[in-house]
Amino acid sequence: MIPKEMKDRIRKQIEGSEHPREQVVNVMYALQSHYGYLSDEAVIEAAGLLDMSPLEIEELATFYDFIYREPVGKYVIHACDGVVCWMFGEESLVDYLCRTLAVEIGEITPDGLFTVLPSVCIGYCDHAPAVLVNGRAYGPLTPEKVDELLEQLRRDHFILVQDR
Ligand code: FES
């Protein structure tokens with residue numbers, strides 16, 4: 001269950017909206033940032049807050065690529081699977097990432113750090129091949145640059161953990 005202050009903040013946001021249902025994506029994102037993904041519990045909470053049915057929330061949640069209905073790693077890599085990004089090499093960017101990280105699409109690496117998800121186009125075609133990692137775009141990528149990026153993200157995580 002989300003903390004009361006968070007619930008009050010979301011309620012205020014919904015009440016301040018002319019059409020409360022328009023807040024559904026924001027509400028799903030807020031709950032996802034709290035739980036790490038849009039859990040079943042979060043779906044029910046979102047439905048209650050928005051006076052919608054859990055099924056309506058579920059339908060919308062599965063429509064949006066950036067709403068995760070399953071647990072994900074700390075870094076969610078949306079790897080572009082669009083035609084421009086197929087310039088990556090002998091294998092696709094998605095295949096390269098999955099092979100390098102030894103995961104299937106949607107799985108979490110054993111260290112809890114990475115999940116790879118394919119996207120049709122991330123709108124970064126002029127920097128293809130490209131990925132989005134937690135909303136930040138990287139490109140143009142080569143296999144070497146992907147390896148460097150993964151290493152950088154591991155280091156960033158390690159530094160964050162050490163600083164706690
Ligand atoms: S096709 Fe890859 S970013 Fe557009």
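The values are calculated or read from the model by the stated rules, or taken from the named source; none is laboratory data. If you're wondering where the values come from, they're calculated on a predicted model, not measured in any experiment. When we count neighbours, we look across all protein chains shown, and the Cβ atoms used for this are built from the backbone with ideal geometry, even at glycine.
Hey, does the stretch 36-54 have a residue that's surrounded by 13 or more Cβ atoms within 10 Å (Cβ to Cβ), hydroxyl-bearing (Ser, Thr, Tyr) and in contact with an Asp or Glu (Cβ under 7 Å, 6 or more places away or on another chain)?
yes
Could you check residue 20 against (1) touching a residue at least 24 places away in the same chain (Cβ under 8 Å); (2) surrounded by 14 or more Cβ atoms within 10 Å (Cβ to Cβ); (3) within 27 Å of residue 115 (Cα to Cα) and say which number it fails?
(3)
Per-residue answers, yes or no, for (1) at pLDDT below 95; (2) within 16 Å of the ligand (Cβ to nearest atom):
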residue	(1), (2)
88	yes, yes
91	yes, yes
98	no, no
108	no, no
123	yes, yes
149	no, yes
154	no, no
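Aromatic (Phe, Trp, Tyr) and either over 29 Å from residue 62 (Cα atoms) or free of Cβ contacts under 8 Å to residues at least 40 places away in the same chain (or both): which single residue out of 96, 138, 124 fits that description?
One residue alone meets the criteria, 138.
To keep it simple, each residue is scored yes or no on (1) within 16 Å of the ligand (Cβ to nearest atom); (2) modelled with pLDDT of 95 or more; (3) out of contact with any Pro (no Cβ under 9 Å at 6 or more places or on another chain); (4) farther than 30 Å from residue 152 by Cα.
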| site | (1), (2), (3), (4) |
| --- | --- |
| 25 | no, yes, yes, yes |
| 71 | no, yes, yes, no |
| 74 | no, yes, yes, no |
| 115 | no, yes, no, no |
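Taking the stretch 92-104 on its own, how many of its residues are surrounded by fewer than 19 Cβ atoms within 10 Å (Cβ to Cβ) and not in a loop (DSSP other than H, G, I, E, B)?
Qualifying residue count, the stretch 92-104: 3.
Can you name the number of the only condition in (1) more than 19 Å from residue 105 (Cβ to Cβ); (2) modelled with pLDDT under 95; (3) hydrophobic (A, V, I, L, M, F, W, C); (4) loosely packed, with under 13 Cβ neighbours inside 10 Å that residue 2 fails?
All conditions are met except number (4).
Please list, ordered by first then second residue, the pairs with beta carbon atoms under 8 Å, 6 or more apart or interchain, first in the stretch 63-87 and in the same structural domain as residue 158 (by TED's automatic domain parsing), second near the ligand (Cβ under 9 Å from one of its atoms) and among the acidic types (Asp, Glu).
Every condition considered, no pair remains.
Please verify whether residue 132 is under 20 Å from residue 68 (Cα atoms), in the same structural domain as residue 92 (by TED's automatic domain parsing) and touching a strand residue (DSSP E or B) at 6+ places or on another chain (Cβ under 6 Å), treating the condition exactly as stated.
Against the criterion (under 20 Å from residue 68 (Cα atoms), in the same structural domain as residue 92 (by TED's automatic domain parsing) and touching a strand residue (DSSP E or B) at 6+ places or on another chain (Cβ under 6 Å)), residue 132 qualifies.
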